[in-house]
Amino acid sequence: MLRDLGPGSTLPSLAFTVDGPSMKILSLIMRDPNPMHYDPAAVQALGLGDRPINQGTINMAYPINALLRIVDSPAQLKRFACRFQGSLVAGDRVVVSGLVTAVDEETVSLDIWLDREDGGRVLTGSAVLARG
Amino acid sequence: MSDAEFQALHDRVVGTQLPGGTFIVAEYERWLSHDALQSPPLPEGLLHPVWVLLGALRGMGITLGELMAIAEAGEGTMFGETELEQVEPLRTGVVYLVRGSITQLARRESRKMGPMDLMTFRLEIVDPTGAVVAVSVQVFIIPRRSGANAA
């Protein structure tokens, strides 16, 4: 898959649904006590709606997952960077998109972004993948 | 916070070495985290690249709250940017060392948020042979609107 990509190629779009129980697991793994990731009442008390807010670490995992699907080994992901621009709540649907910006003998560089299906950018990033 | 106060905070904070420490990821944590991250299947024992961030935070020897307190961060602090470099994938069952420091504190003015500081910290993950196998760079946004500071 990676070997077929050249400058201007687009990444196959990949959709995810933000999952509430996954936030609880990540809270435990990260030892993150912030209740906005697991307690709807706490989210409501903050005036942020009534659904738990996804961790940034899960938001960044979605585009990384899209990259992992086009490489033979996770070792080929050499660099990933992103800027967080919006939040997601349980039940949101998101889509990862990407564009190859450069290819050389050793690496493929991409811009990658995550949007809500109903509109709105969640994060913008870039990545460098080793070709093999 | 005046310019002089910001400069004093900058000089005090930038270069602060974090205590550091170690972390290890058990197989059940790999399974559960990959499920939560909706990861595609990965080869046995290899960790999702998000673990560069998770492991670095776990092993840096200080909580995020304590780290933010160094920069006198108050309510509204947000995760702004992240960067990870992976020399090789992290693995379960390996004791990794984490070391790093606060590398930057920059003043910015946002139309929406008013004055804010961007605090950057960089953490290296070192394997048992002494090789740096991954690097995590995080930028947190610290609002400095009047009354937003903890200090």
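Structure above, values below:
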{"item": "Checking A:Gly119 against (1) modelled with pLDDT of 95 or more; (2) more than 23 Å from B:Ser136 (Cβ to Cβ); (3) of a type outside the set (Phe, Trp, Tyr), the condition it does not meet", "result": "(1)"}
{"item": "Given (1) surrounded by fewer than 17 Cβ atoms within 10 Å (Cβ to Cβ); (2) out of contact with any Phe, Trp or Tyr (no Cβ under 8 Å at 6 or more places or on another chain); (3) among the hydroxyl-bearing types (Ser, Thr, Tyr), number of the condition A:Thr57 does not satisfy", "result": "(1)"}
{"item": "Qualifying residue in segment A:19-36 (condition: at the interface with chain B (Cβ under 8 Å from one of its Cβ atoms) and among the small types (Gly, Ala, Ser))", "result": "yes"}
{"item": "Residues of segment B:68-79 satisfying the condition of being surrounded by fewer than 20 Cβ atoms within 10 Å (Cβ to Cβ) and over 30 Å from B:Gly45 (Cα atoms)", "result": "B:Met68, B:Ala69, B:Ile70, B:Glu72, B:Gly74, B:Glu75, B:Gly76, B:Met78"}
{"item": "Residues being more than 13 Å from every other protein chain (Cβ to nearest Cβ), open to solvent by 10 Å² or more (accessible area, probe 1.4 Å) and touching a strand residue (DSSP E or B) at 6+ places or on another chain (Cβ under 7 Å) - total across segment A:37-51", "result": "2"}
{"item": "Entirely in segment B:24-134, the helices (runs of 4 or more DSSP H) that have 2 or more residues that are more than 11 Å from chain A (Cβ to nearest Cβ) and under 28 Å from A:Ala130 (Cα atoms)", "result": "B:51-59"}
{"item": "Segment A:75-104 residues that are within 11 Å of chain B (Cβ to nearest Cβ), paired with ones that are in a loop (DSSP other than H, G, I, E, B) and of a type in the set (Asp, Glu) (beta carbon under 6 Å, 6 or more apart)", "result": "A:Ala75/B:Glu88"}
{"item": "Selection from segment B:23-55 of residues that are touching a His at 6+ places or on another chain (Cβ under 6 Å) and touching a residue at least 12 places away in the same chain (Cβ under 8 Å)", "result": "B:His34, B:Leu37, B:His48"}
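The values are calculated or read from the model by the stated rules, or taken from the named source; none is laboratory data. Bear in mind the structure is a predicted one, so any value in this text is a computation, not a measurement. With ideal geometry, Cβ positions are generated from the backbone for all residues, glycine too; neighbour counts draw on all protein chains shown. For accessibility, only protein heavy atoms count, side chains too; no ligands or nucleic acids. Shrake-Rupley method; radii C 1.70, N 1.55, O 1.52, S 1.80 Å.
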